[in-house]
Amino acid sequence: MVEPLAHRASLFAGDWLANREPADHAARSSDLTQRLVRWIMTRSPQAEVYQMLDLGCGTGSNMRYLAPRLPGGQAWTLVDHDPGHLEAADRLCKELPGVSSFATRLQRLEEGLGVAIPDETDVVTGSALLDLVSGDWLENLAARADEISAAVLFTLSYSGDFLLSPMLEDDGWILRAVNEHQRSEKGSGRALGPDAWFQCAQAFEPRGYHVFSAPSAWVLGEPLRNLQVQLFEGWAEAAAEQRPNEAGRADAWLTQRLKLLDDVASETRVFHQDVLALPDDAATSPVKDGARPV
Ligand SMILES: C[S@@+](CC[C@H](N)C(=O)[O-])C[C@H]1O[C@@H](n2cnc3c(N)ncnc32)[C@H](O)[C@@H]1O
């Protein structure tokens, strides 16, 4: 996930999630989705019902991407600590194609993974979540998924880099401050931030999982202008929080960035990674893709 502002109340506000959804869906790896489809079809060949669990679901963007692409028979449970998001998810997701049952659960992810991830879960997934979690949480998740032989798909984890065009002298300074902020305490231990996707691979490989990763960069131009504005504001605020003595420098950068958005056709690239971990080799023979084993 890219947002640096985990401290800000508005961070996961619905409009942020709505603004990012088209960019997220365009960026995600379809190769990893295909691999997951093949794994599910091998595991439930008769299109039996299978259990999907979406952690940190927000308003359900991850499910809106996956449901039409996965085989029918999906029983979804969506988990978040924000009741407003769950209400929206309920409204927006339960009639999606391929869904045979749908439930939401209000829960903090830190509260016992054994409870959060029921024994019958086939696939644990999450989008724009992993970079918020701590190393301990990720280890516990890997142990729990392994215990019940669940597949795991985490998409859109911020990988620590962005490229802005045209460039500004202080882009690199902002990037360094944002990445430090990403690795700061987010309420349940130091967040993994840009290291999350790789740590995820490293948590699953020793358990015998087959792990694949693929890039899922945002490429934002004029049609996603509002998302760019929100990103720049967030980054400037994160930089000011990391370097309080240089808050004016962050502010000056933001003013220049927003002016460039108005004056020229600017482009924003934000780099993410998707990670898929499969507990057996049913889906490891080649697909025609760029997804690579980690
Ligand atoms: C960046 S949003 C991503 C939402 C959604 N997966 C998407 O792709 O649009 C992160 C989500 O994780 C939820 N979240 C963050 N920390 C959480 C925690 N400790 N327990 C439960 N949910 C959490 C937030 O409420 C938010 O909905």
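Just one of (1) part of a helix (DSSP H, G or I); (2) surrounded by 21 or more Cβ atoms within 10 Å (Cβ to Cβ); (3) within 16 Å of the ligand (Cβ to nearest atom) fails for residue 226. It is (2). For segment 256-276, filtered to residues that are out of contact with any Lys or Arg (no Cβ under 9 Å at 6 or more places or on another chain) and of a type in the set (A, V, I, L, M, F, W, C), the residue that is farthest from residue 131 (Cα to Cα) is 264. Scanning segment 88-145 for residues that are part of a strand (DSSP E or B), more than 13 Å from the ligand (Cβ to nearest atom) and of a type in the set (Ser, Thr, Tyr) yields a total of 2. Applying the condition of being of a type in the set (A, V, I, L, M) and in a loop (DSSP other than H, G, I, E, B) to segment 46-83 and asking which residue is nearest to the ligand (Cβ to nearest atom) yields 70.
Among the conditions (1) in contact with a His (Cβ under 8 Å, 6 or more places away or on another chain); (2) more than 15 Å from the ligand (Cβ to nearest atom); (3) not aliphatic (A, V, I, L, M), residue 157 misses just one, which is (2). Can you pull out the residues in segment 8-18 that are within 10 Å of the ligand (Cβ to nearest atom) and modelled with pLDDT of 90 or more? Residues satisfying the conditions are 16, 17, 18. Just to check your reading of the model, which residue among 180, 185 is touching a Gly at 6+ places or on another chain (Cβ under 9 Å) and over 23 Å from residue 24 (Cβ atoms)? Only one candidate passes the filter, namely 180. In summary, residue 35 fulfils each of the numbered conditions (1) away from the ligand (no atom under 12 Å from the Cβ); (2) assigned to a strand (DSSP E or B) with the single exception of condition (2). Against the conditions (1) in contact (Cβ under 8 Å) with a residue 40 or more places away in the chain; (2) more than 12 Å from the ligand (Cβ to nearest atom); (3) under 30 Å from residue 228 (Cβ atoms), residue 43 satisfies every one except (3).
When residues in segment 196-222 are screened for being at pLDDT 95 or above and assigned to a helix (DSSP H, G or I), 12 of them pass.
The values are calculated or read from the model by the stated rules, or taken from the named source; none is laboratory data. Quantities reported herein were computed from a predicted structural model and do not represent experimental measurements. In this analysis, Cβ positions are derived from the backbone assuming ideal geometry, glycine residues included, and neighbour counts consider all displayed protein chains.
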